[in-house]
1. Restricting to the stretch A:1-22, name every residue that is assigned to a strand (DSSP E or B) and in contact with a Leu (Cβ under 7 Å, 6 or more places away or on another chain).
2. Report yes if some residue within the stretch B:129-146 is touching a Pro at 6+ places or on another chain (Cβ under 6 Å) and among the hydroxyl-bearing types (Ser, Thr, Tyr); otherwise report no.
3. Restricting attention to the stretch B:104-115, does a residue exist that is touching a residue at least 60 places away in the same chain (Cβ under 8 Å), among the hydroxyl-bearing types (Ser, Thr, Tyr) and out of contact with any Phe, Trp or Tyr (no Cβ under 7 Å at 6 or more places or on another chain)?
4. Are any residues in the stretch A:146-179 open to solvent by 10 Å² or more (accessible area, probe 1.4 Å), within 16 Å of ligand 2 (Cβ to nearest atom) and closer than 19 Å to A:Ile193 by Cβ, and if so, which ones?
5. Return the residues of the stretch A:101-137 that are more than 18 Å from B:Phe190 (Cα to Cα) and touching a residue at least 40 places away in the same chain (Cβ under 8 Å); say none if nothing qualifies.
6. Give me a count of the residues in the stretch B:199-251 that are open to solvent by 10 Å² or more (accessible area, probe 1.4 Å), closer than 30 Å to B:Ile293 by Cβ and under 12 Å from the mean Cα position of the chain (by Cα).
7. Mind listing whichever residues of the stretch B:157-172 are more than 13 Å from B:Gly47 (Cα to Cα) and touching a helix residue (DSSP H, G or I) at 6+ places or on another chain (Cβ under 9 Å)?
8. Confirm whether A:Asp213 is within 16 Å of ligand 2 (Cβ to nearest atom) and either farther than 29 Å from A:Gly13 by Cα or open to solvent by less than 10 Å² (accessible area, probe 1.4 Å) (or both).
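The values are calculated or read from the model by the stated rules, or taken from the named source; none is laboratory data. Please read all numbers here as calculations on a predicted model, not as lab measurements. Cβ atoms come from the backbone with ideal geometry, glycine included; neighbour counts cover every protein chain shown. Heavy atoms of the whole protein, side chains included, go into the accessibility calculation; ligands, DNA and RNA do not. Shrake-Rupley method; radii C 1.70, N 1.55, O 1.52, S 1.80 Å.
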Amino acid sequence: MNTAPLLAVDGLGKAFDGLVANRDISFVVHHGEIIGLIGPNGAGKTTLFNCLAGFHTPTTGRIAFEGHDITGSTPESAAALGIARTFQIVRVFQSMTALENVMVGAMLRNKRVSEARERAEDELAFVGLSHRADTPASDLTVSEQKRLEVARALATEPKLILLDEVMAGLNPTEVREASALVHRIHQRGIASIIVEHVMEGIMPIAHRMLVLDYGAKIADGTPAEIAENPAVIAAYLGE
Amino acid sequence: MTTGTNVSRKMAGTAALLALAAVLPLAVTEPSQQNFLILILMGAQMGVAWNIVGGYAGQVSLGHAVFYGIGAYTSTMLLLTLGLTPWIGALAGGLVAAAFALAMGWPCFRLKGHYFAMATIAVAEIMQILVTNSDALEGAVGLYLPMDQSGWGVLIFLSKLPYYYVILGLLVLTVLVSWAIERSHIGYYFRAIKDEPEAARALGVSLTRYKLIALTVSAFLTAMGGSFYAQKEMFIDPGSVFAGTISIKIALIAILGGVGRLTGPVLGAVILITIEEYSRTLFGSTGSGTDMIIYAAMIILVAVFSPSGVLGLLGDLRRHLPGAKPAEVETSAKEIRP
Ligand SMILES: Nc1ncnc2c1ncn2[C@@H]1O[C@H](COP(=O)(O)OP(=O)(O)OP(=O)(O)O)[C@@H](O)[C@H]1O
Ligand SMILES: [Mg+2]
């Protein structure tokens with residue numbers, strides 16, 4: 001059996017000339033787990049994602065994925081290893097259709113265009129965007145574009161997916177649909193870390209919550225534990 | 001699916017166009033007019049080749065003359081010194097240019113956007129200076145191809161017609177390569193890199209690798225165009241194949257027609273070469289000064305009226321014509337991005 005955790009982060013820190021965006025963060029993620037990552041604006045959540053996905057080189061600490069040290073790897077090798085991500089500010093390929101966007105993701109594992117297309121059709125169906133397959137990505141609504149980014153990330157066949165505020169700006173019905181989508185990702189055996197300000201979306205489905213404040217981890221526990229944690233309450237009230 | 005009929009309609013259109021191009025010289029028999037057609041095909045070939053890196057992959061090179069010149073000089077030197085047939089010389093020129101593209105792409109692709117474009121200008125300028133000062137390459141004097149030989153072996157002809165078919169063949173080859181790239185995963189990766197490089201990386205696309213592929217293939221094909229130029233003109237010097245005006249012309253043909261699409265550069269060549277030739281008869285000048293004025297005017301026109309080129313303009317017109325189906329009303333996310 002696989003005993004090593006999927007992801008092990010140890011003492012991770014990231015500074016941008018003087019400004020410390022992440023400091024001494026440690027946690028583990030197990031296969032298939034749903035982790036909620038919360039914290040006030042500017043707490044360092046996106047920076048942590050950028051470190052995990054190879055977009056930033058951490059200033060201190062180590063990142064291990066399936067037991068292998070991946071600290072400071074490139075985004076493309078992180079993707080190849082099985083770490084996929086979405087972007088807080090959507091970055092869809094504007095000149096392509098929705099389907100073509102997802103095909104680019106699928107091509108990581110299969111360079112044959114026809115097979116990548118089939119794979120992409122499946123992932124579009126998974127996020128409920130089949131009816132928009134041939135629509136230019138630039139014509140999709142922001143919430144559709146966010147789902148498109150999820151489909152594109154899933155098409156790379158990740159073991160861990162990093163979702164950065166995919167529920168922002170959704171109405172209550174859409175938030176429930178998004179939560180259900182995250183749960184179905186979990187059922188596929190894919191672990192996820194979800195950055196979210198929408199608590200109704202994340203609290204009911206997360207197995208564990210991590211809370212960041214001023215770049216440091218201030219709490220790590222079940223959603224129920226987190227909701228009663230004085231440090232967390234203080235961080236949010238003190239905003 | 002509609003894409004199937006679309007593809008077969010495109011194929012039929014292409015076949016018809018090719019058939020037309022093949023029989024065109026039967027109708028156009030005047031040598032100066034045949035020469036005009038050859039110039040258009042040469043322009044189209046260089047535009048289609050440039051489009052691979054500048055259009056699909058979005059890496060705007062303003063130094064493509066360096067590859068054009070390498071092609072021209074390599075095949076010519078091989079012919080003059082070793083008597084090697086230009087058929088092989090052009091391939092050798094393509095390989096030298098491809099190797100050069102790898103070497104220059106490595107550092108230049110660390111630069112983004114305008115800085116990349118500026119670096120390509122610098123590389124081409126330096127190359128022109130180096131060749132101008134090279135005794136082995138006859139410096140500013142230039143190289144003459146042998147006047148006493150002709151035929152398919154040395155690829156030198158007394159009439160225009162064979163040149164027409166050779167450049168038509170090279171254009172078809174260049175279009176086929178482009179088309180194959182467009183349809184493969186490489187074409188998708190190029191467009192992804194052009195649209196959102198960071199997102200492409202997150203999906204496992206190595207920017208350096210695919211930009212290098214784009215530049216290398218483009219350089220190879222551009223160099224073959226340069227070899228053809230040498231064969232047709234039978235004389236090359238640094239000013240005629242390495243000049244900045246050549247670089248601008250190559251890029252302009254693609255941009256004018258519409259980048260990132262196969263037919264764009266062909267259309268761009270028809271327009272630009274026609275204007276160039278007419279203004280030449282009008283002003284009676286072949287100096288690069290007039291060329292520069294025309295190019296500058298074209299760039300301004302494209303920038304002001306249609307950044308997506310003539311193809312983009314035609315697309316807009318079609319959408320606004322009465323009877324055209326109205327654009328779907330949707331919230332576009334474009335404006336929301338910071
Ligand atoms: N590339 C960068 N260069 C310099 N500073 C940065 C960079 N990226 C982030 N920062 C800074 O690091 C801090 C943490 O930013 P980050 O985007 O990680 O926060 P966040 O928790 O994702 O916030 P939000 O909830 O608003 O998205 C901020 O002060 C931000 O300005
Ligand atoms: Mg953020």
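1. A:Leu7, A:Asn22
2. In the first step, residues of the stretch B:129-146 are kept if they are touching a Pro at 6+ places or on another chain (Cβ under 6 Å); the result is B:131-132.
Next cut, among the hydroxyl-bearing types (Ser, Thr, Tyr) only: B:132.
Checking the stretch B:129-146: at least one residue is touching a Pro at 6+ places or on another chain (Cβ under 6 Å) and among the hydroxyl-bearing types (Ser, Thr, Tyr).
3. no
4. A:Lys146, A:Glu165, A:Val166, A:Ala168
5. A:Phe126, A:Val127, A:Gly128
6. 4
7. Residues satisfying the conditions are B:Phe157, B:Ser159, B:Lys160, B:Leu161, B:Tyr163, B:Tyr164, B:Tyr165, B:Val166, B:Ile167, B:Leu168.
8. no
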